[in-house]
Each structure stands twice: as C-alpha cells, then as structure tokens.
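Scroll down for the structure; my scribbles are underneath it.
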Amino acid sequence: MHSEILAQEGYTAVSVAESPTRELFPGIRVRHLWTGPSGASANVLEMDAGTSWPRRDVHEPGPEEVYVVAGTFNDGARDYPAGTFLHAPAGSWHVPGTATGCTLFVFYPEG
C-alpha cells in the first residue's frame, strides 16, 4: 500500500452516503461532495420519480456536466438512461425531470 497517496495536498475522498443532503425542490435533493480552490464543484443529485425543476435551469457562469448514475433523466426534451454523459455549455439551459427517479453526478468545472 502507498499511504502517502492520502497525504497529498488536495487529495480528497468523500462518501456519498455520509454527505449532507439539502432539498432543492420537493423530491429533489443535492449532496455536495467537493469544491475546488477555483470554485469547481462536484455533487450528487437525487430526484424522486415524477419530479422536475420548476423552471429553466440555466448554466451560468460556466458549463454543467452530468453523468446519469441510476434511473432515467429527462432534460425537458428526451430521456437519458443510466450510463449517459451530458455536457451543457455555459449559457445553455434545460428543465431537469424524471418519470422513474434518478441519481446524477453533476460537475461544475467553473463553479
């Protein structure tokens, strides 16, 4: 084993199950995992079946990157099953929702 790996500055490991949960909207929760020094952040978003964002989700100030971990995610235009990666450039928008429920890994490279 190389225990010195864990001593490297900035090296981080977080358990999703132990991350605090914050409800964004009814049935939609976020678990914040990490924020970098430049503002980049990593989160897990959990959406119950039949939920959706109440308005457009505009990607500002930078892009949003989503990986569908479980379930089926809908961006307001089409469904994306588990295993799908989406990149939404800065200034773009969607209306997140799910008929079945889903878990997403969401990364904001620019905060």
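Miscellaneous remarks
- The relative contact order of the chain, computed from alpha carbon pairs under 8 Å that lie at least 6 residues apart in sequence, is 29 percent.
- Our coupling estimate for region 51-64, obtained by passing each phi through the Karplus curve with A = 6.51, B = -1.76, C = 1.60 and θ = phi - 60°, is 9, 7, 4, x, 7, 4, 9, 8, 8, 9, x, x, x, 10 Hz, Gly and Pro reported as x.
- Spread of Cα-to-Cα distances over 10 Å intervals beginning at zero, given as percent, for region 35-92: 19, 53, 26, 2
- Other-chain or far-sequence residues with amide H under 5 Å of W34's (modelled H): A42
- Taking all protein chains together and rolling a 1.4 Å probe, T100 ends up with roughly 90 Å² accessible.
- Of the two radii for the chain, the radius of gyration is 1.01 times the Kirkwood radius, both from the alpha carbons; that is the Rg over Rh value.
The values are calculated or read from the model by the stated rules, or taken from the named source; none is laboratory data. Given the structure is predicted, the values throughout are model-derived calculations rather than measurements. Remember, those area values only see protein heavy atoms, side chains included, never the ligands or the DNA or RNA. Shrake-Rupley method; radii C 1.70, N 1.55, O 1.52, S 1.80 Å.
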